[in-house]
Amino acid sequence: MTTDCAALADSDTSSTKIECRPFLKWAGGKTQLLPQLLKRTPTSYNRYLEPFLGGGALYFAMQPKSAYLADYNPELINCFEVVRDQLPALKEELKKYRYDKDMYYEVRELDRKADYASTAPVARAARFIYLNKTCFNGLYRVNSKGHFNVPFGAYKDPTILDVPNLTACGNALQSAILTVGSFEDIVEVAEKDDFVYFDPPYAPTSETADFTQYVSGGFDESSQEILLLTCLKLHQKGVKWMLSNSNTNIIQELYRGFKVETVEAGRAINSKADKRGPILELVIRNY
């Protein structure tokens with residue numbers, strides 16, 4: 001069931017709500033968890049900051065007046081910037097794509113070419129959306145060289161160009177600052193009474209449940225510990241923060257002393273269909 005961003009946004013967001021949903025699929029995307037997250041957001045805050053942007057579900061739901069959105073994945077941030085700033089050109093570029101296995105692998109191979117770094121932002125964004133809509137389970141995964149390596153996905157008729165929703169998302173992003181950066185950078189950016197939402201790659205709940213390869217290098221246990229230190233620094237600055245993560249003993253122990261709540265969330269991205277039902281996750285806050 002699609003969740004209307006407009007219906008869920010709270011009183012601290014902009015006065016004019018735009019009905020939209022994330023234009024990308026994303027492993028760990030928060031659409032299913034939105035009701036749980038929205039009722040736990042602060043009643044008041046200055047700016048909204050999100051350093052693990054991903055699909056941006058909470059941002060699109062809240063549509064805050066002032067936002068700083070970041071991610072370590074430059075292709076993701078480029079895609080959001082193009083949706084915000086060059087939407088007409090992006091729509092035309094996306095019209096070139098079709099749901100076809102041979103085309104998929106041809107497009108997937110483009111980042112192996114030496115001149116890919118000089119590809120225009122609009123073309124890169126269109127490729128990003130096309131692969132996202134047609135790859136296996138909408139995953140974003142790269143190998144050690146930073147090359148996208150998700151196989152082709154079997155769908156009935158995937159929508160590659162969703163003009164109404166892309167247009168709505170582009171409008172909703174107009175007031176947002178977008179940047180490539182590490183989550184650690186947020187300590188220097190955030191100020192007292194700002195609100196930061198962290199949605200990091202989750203700590204794996206089993207040896208096979210690991211979606212950390214959003215960028216080359218992944219996100220391991222030491223990264224989870226650095227994230228905790230980042231949260232502690234923000235707490236000392238008087239910054240409000242909320243964090244989502246998997247319900248594991250490691251995460252429970254790391255955030256002992258803060259408000260740790262167990263919530264139920266659905267999961268749509270899993271290699272096995274019978275593993276996509278409701279699971280327990282953690283929502284952690286310092287307020």
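The values are calculated or read from the model by the stated rules, or taken from the named source; none is laboratory data. Because the structure is a prediction, the values reported are computed rather than measured. Here the Cβ is made from the backbone with ideal geometry for all residues, glycine too, and neighbour counts use every protein chain on show.
The rows are residues; the columns are (1) surrounded by 14 or more Cβ atoms within 10 Å (Cβ to Cβ); (2) part of a loop (DSSP other than H, G, I, E, B); (3) touching a helix residue (DSSP H, G or I) at 6+ places or on another chain (Cβ under 9 Å).
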residue: Tyr140; (1), (2), (3): yes, yes, yes
residue: Ser144; (1), (2), (3): no, yes, no
residue: Val150; (1), (2), (3): yes, yes, yes
residue: Asn165; (1), (2), (3): yes, no, no
residue: Ala168; (1), (2), (3): yes, no, yes
residue: Thr179; (1), (2), (3): yes, no, yes
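Pairs only if they're at least six apart or on different chains, beta carbon under 6 angstrom, first in the range 214-229 and within 13 Å of Asn245 (Cβ to Cβ) and part of a helix (DSSP H, G or I), second hydrophobic (A, V, I, L, M, F, W, C) and at pLDDT 95 or above; list them, first residue then second. Pairs found: Leu228/Leu254. Suppose the filter is in contact with a strand residue (DSSP E or B) (Cβ under 6 Å, 6 or more places away or on another chain), surrounded by fewer than 23 Cβ atoms within 10 Å (Cβ to Cβ) and aromatic (Phe, Trp, Tyr); does Tyr45 pass it? Spelling it out, Tyr45 is indeed in contact with a strand residue (DSSP E or B) (Cβ under 6 Å, 6 or more places away or on another chain), surrounded by fewer than 23 Cβ atoms within 10 Å (Cβ to Cβ) and aromatic (Phe, Trp, Tyr). Within the range 264-287, the residues that satisfy the criterion of being assigned to a loop (DSSP other than H, G, I, E, B) and modelled with pLDDT of 80 or more are Asn286, Tyr287. Of the set (1) modelled with pLDDT under 95; (2) closer than 21 Å to Val142 by Cβ, all apply to Leu227 but (1). Within the range 115-128, does at least one residue satisfy the condition of being surrounded by 18 or more Cβ atoms within 10 Å (Cβ to Cβ) and touching a Pro at 6+ places or on another chain (Cβ under 8 Å)? No; the residues of the range 115-128 include none that is surrounded by 18 or more Cβ atoms within 10 Å (Cβ to Cβ) and touching a Pro at 6+ places or on another chain (Cβ under 8 Å). Going by the conditions given, is Asp102 acidic (Asp, Glu), more than 25 Å from Pro164 (Cα to Cα) and surrounded by fewer than 15 Cβ atoms within 10 Å (Cβ to Cβ)? It is true that Asp102 is acidic (Asp, Glu), more than 25 Å from Pro164 (Cα to Cα) and surrounded by fewer than 15 Cβ atoms within 10 Å (Cβ to Cβ). Would you pick out the residues in the range 138-189 that are closer than 24 Å to Ser223 by Cα, of a type in the set (A, V, I, L, M) and at pLDDT 95 or above? Val150, Leu178, Val180, Ile186, Val187, Val189 - these are the residues of the range 138-189 that are closer than 24 Å to Ser223 by Cα, of a type in the set (A, V, I, L, M) and at pLDDT 95 or above. Got a sec? Which of Ala114, Ala154, Ala126 is within 30 Å of Ile18 (Cβ to Cβ), more than 17 Å from the chain's Cα centre (by Cα) and of a type in the set (Gly, Ala, Ser)? Result: Ala126 is the single residue among Ala114, Ala154, Ala126 that is within 30 Å of Ile18 (Cβ to Cβ), more than 17 Å from the chain's Cα centre (by Cα) and of a type in the set (Gly, Ala, Ser). Of the helices (runs of 4 or more DSSP H) lying entirely inside the range 5-74, none contains at least 2 residues that are of a type in the set (Ser, Thr, Tyr) and at pLDDT below 90.
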